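The values are calculated or read from the model by the stated rules, or taken from the named source; none is laboratory data. What you are looking at is a predicted structure, and each value in this text was computed from that prediction instead of being measured. Neighbour counts run over all protein chains shown; Cβ positions are idealised from the backbone, glycine included.
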Amino acid sequence: MKHLMLPIFISCQLILSGCQSFSNVSTTQSSQSTYKQKFLEADAVASSCVSSVLSSPVGKTVSEQIIFLTKDDKNLLELMSSSDRLSFQQKLTLKDYLTQNLKCRQDFFNSIKDTPYHDIFSRYFKVMDDVYIKLMDDQMTIGEANLIKSNAIQLNIREVEAIR
């Protein structure tokens, strides 16, 4: 009788563990779907905010003279190859831009907290904050800053796509 119970016990364990694995997969897929939805909502909020900053006189000056703001900027290559450092006026303009953009960043972060995207964008913004500090302190050229931004964006895209 004992020998008959052992296979039944093992079969029950296998069946129950299989159900638990399926439940974990379903929960993981549901979490990823929720994360993706939060990200899409956050992206919509941020896009709207950033659009208004980009269309402001400060945003236009930054994208024309200092750092590309979209991949479609007409002078992207010119900015990436610039060996210039920021002038005093450009530093003031960049500071104004960053002040305006900070609200967009805060809204975006609040929308993606408790998701894996939060860590990814925290790393990206840390890289960019370091770039802005070095630009302001004359430790980096405009071209170097734009190259680092381009590389940071590419890494950010790969990390976000890995989650999806």
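For (1) surrounded by 16 or more Cβ atoms within 10 Å (Cβ to Cβ); (2) within 26 Å of I163 (Cα to Cα), each residue gets a yes or a no:
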residue: Y97; (1), (2): yes, no
residue: R105; (1), (2): yes, yes
residue: Y117; (1), (2): yes, yes
residue: D130; (1), (2): no, yes
residue: K149; (1), (2): yes, yes
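Please go through segment 55-74 and give me each residue that is buried (at least 16 other Cβ atoms within 10 Å of the Cβ) and either aromatic (F, W, Y) or at pLDDT below 90 (or both), ordered by number.
Correct list: F68, L69, D73.
Just to be sure, is D114 of a type outside the set (V, I, T), at pLDDT below 95 and on the phi > 0 side of the Ramachandran plot? Full working, then the answer.
Numbers: of a type outside the set (V, I, T): yes; at pLDDT below 95: yes; on the phi > 0 side of the Ramachandran plot: yes.
When the stated conditions are applied, D114 passes them.
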